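The values are calculated or read from the model by the stated rules, or taken from the named source; none is laboratory data. It should be emphasised that the depicted structure is a prediction, and the values quoted were computed from it without experimental measurement. All Cβ positions, even for glycine, are placed from backbone atoms using ideal geometry, and neighbour counts span all protein chains on display.
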Amino acid sequence: MVHRYFVTGRVQGVGFRYWAAGRAKHYGLVGWVRNRRDGRVELLVYGETDALRSLENELRDGPPAALVQGVEPAPVTPEEAELAAGATGFEQTATL
């Protein structure tokens with residue numbers, strides 16, 4: 001299963017991407033995380049439903065320096081789902 005999340009609040013400049021990548025790897029998930037120019041952090045994550053649910057719950061708190069205001073699920077295109085399913089790891093990518 002593939003999920004996209006947008007995380008809002010004080011989530012840039014606080015190690016959120018590094019932390020999120022570590023948590024995703026902990027749960028055996030693959031995909032990527034990146035900052036967005038509008039101040040949000042975006043994740044595209046592929047894996048088992050229970051692992052995705054666990055990660056989403058952790059995203060609501062974030063790392064110690066973050067102040068998460070919201071975690072919003074968003075649609076995933078079929079092309080993105082196919083790419084995510086073929087991923088072999090979890091990466092931090094460039095800001096969009």
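Overview of results
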read-out: Whichever residue in the range 60-95 is charged (D, E, K, R), outside any loop (DSSP other than H, G, I, E, B) and under 12 Å from the mean Cα position of the chain (by Cα) and, among such residues, is modelled with the highest pLDDT; value: E72
read-out: Filter result (in contact with a helix residue (DSSP H, G or I) (Cβ under 9 Å, 6 or more places away or on another chain) and either within 11 Å of H3 (Cα to Cα) or of a type in the set (A, V, I, L, M) (or both)) within the range 60-96; value: A65, A66, V68, V71, P73, V76
read-out: Some residue of the range 50-66 being closer than 19 Å to T93 by Cβ and surrounded by fewer than 19 Cβ atoms within 10 Å (Cβ to Cβ); value: yes
read-out: Number of positions in the range 75-94 that are farther than 14 Å from Y18 by Cβ, touching a residue at least 40 places away in the same chain (Cβ under 8 Å) and surrounded by 11 or more Cβ atoms within 10 Å (Cβ to Cβ); value: 7
read-out: Positions within the range 1-42 being outside any loop (DSSP other than H, G, I, E, B), among the β-branched types (V, I, T) and farther than 12 Å from E91 by Cα, in sequence order; value: V2, V7, T8, V41
read-out: Number of the condition not met by N57 [criteria: (1) in contact with a strand residue (DSSP E or B) (Cβ under 8 Å, 6 or more places away or on another chain); (2) outside any strand (DSSP E or B); (3) closer than 15 Å to V7 by Cβ]; value: (1)
